[in-house]
1. Hey, rough spin-label estimate for residue 4 and residue 81, points 7 angstrom out along Cα→Cβ, what's it come to in nanometres?
2. I want to check the label-to-label distance for residue 90 and residue 161. Put each point 7 Å from Cα in the C-beta direction and report it in nm to one decimal.
3. If each DSSP helix of 4+ residues adds -39,500 (n - 2.57) and the sum is divided by the residues in the chain, what number results at 222 nm, nearest 500 deg cm²/dmol?
4. Given the Cα atoms of region 3-97, and with Rh set as the inverse mean 1/r over their pairs in the Kirkwood sense, what is Rg to Rh to two decimals?
5. Between residue 48 and residue 26, what FRET efficiency follows from the Cβ-Cβ distance if R0 is 35 Å, with the result rounded to 0.05?
6. Can you grab the distance from the C-alpha centre of region 180-249 to the C-alpha centre of region 95-139, Å, no decimals?
7. Just grab the label-to-label distance for residue 235 and residue 150, each label 7 Å out from Cα along the Cβ direction, in nm (one decimal).
8. Give the peptides 203-215, 76-88, 31-43 in descending order of average Cβ contacts within 10 Å, highest first.
Ligand code: SF4
C-alpha cells in the first residue's frame, strides 16, 4: 500500500530529508515536542470544543473557555518532554500567549453565528493521482459555509508572525484541502482563511482552477522525488532547535553522545595523541 502523504510530510522532506527519514521511514517515536507545538495543540482543542458548543447554541463564557485551556495545559504539560528552545522564555510565557489568543478570538467572533460549520477537525483523504497511487490526507481545522454561500477552509495559527499575502497566496496546505473537498461542493467559490490568533488577524486567499492544477502537478513531482530518495541527507538549519530528533541527529550539535567540552587542563588537542 503506497504511503498517504500530507502537507506536513511533504514539508518535512523539503526542510530536512534526514528528519523525514527518522519520522516517516524509520518511524522513530518523537523524543520531545516543542512548546510551540504543544501550545498550538492546546489552543486548537479548546477552539474546537468552543465551536462545538456554540454550534449547539450553548456558547460558553470566555472565563470558562480560558479555564478549560488552563486545565488542559496543566494536565498535559510535561517539562521533561516539552522543549523550550527560546531559553529567554518560560512555560508561563507560552501559557499567556495561549490565553491571549483565546481571549482575542472569543471577543472578535462572539456569538459565533456569522457562518455555518460544515466540519470541525475534519479528516480528508483524496487521490492526487489514482494511477500512481499518490494519496493525500489532512485535517481541516474548520470547514465553513459563509453567508454568501462560499465554502471556506479555516486554519488556526498560534505563530508569532504573519506571513506576507504573497506567501499566503502560494501556501500549499489549505489549497490541498481545497482540492480534497472541492468535489463535494461543485460550483461553489472557495476561500482559504487563516486566523493569526496572537494578533487577532485574519488573512484570506483564493485559488484559480489553473493554480490548483499546477499545485497538483508540483506535489506529484515532489512525491516522485521523495520516492526516489535513498540518502536522506541532513540539512542542518536554525530549525534543528525545534527538531524532535535533535538529540539523536549528529548534524544537530545537541546529540546526547556529544562529549562535554574538556576542562582547561586537558586541551582538546590531547585527544589526538
Ligand atoms: S536535527 Fe536538524 S539536521 Fe538533524 S534531522 Fe533534525 S532538522 Fe534535520
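1. In this crude spin-label approximation the distance works out to 2.3 nm.
2. Placing both labels 7 Å beyond Cα along the Cβ direction yields 2.7 nm.
3. Details: 8 runs with 102 residues, N = 273.
It comes out at -12000 deg cm²/dmol, rounded to the nearest 500.
4. On the way: Rg = 16.7 Å, Rh = 15.7 Å.
We get a ratio of 1.07 for region 3-97.
5. Values: r = 31 Å, r/R0 = 0.89.
E(calc), rounded to 0.05, equals 0.65.
6. Computed from Cα coordinates, the inter-centre distance equals 14 Å.
7. 3.3 nm
8. On the way: 203-215: 13.8, 76-88: 12.3, 31-43: 19.1.
Per-residue Cβ counts within 10 Å, averaged per peptide and sorted highest first, yield 31-43, 203-215, 76-88.
Here, each number is a calculation from the coordinates, and none is a lab measurement. Model, not experiment: these values are computed from the prediction. Don't worry about glycine lacking a Cβ; one is built from the backbone with ideal geometry, like all the others, and counts go over all protein chains shown.
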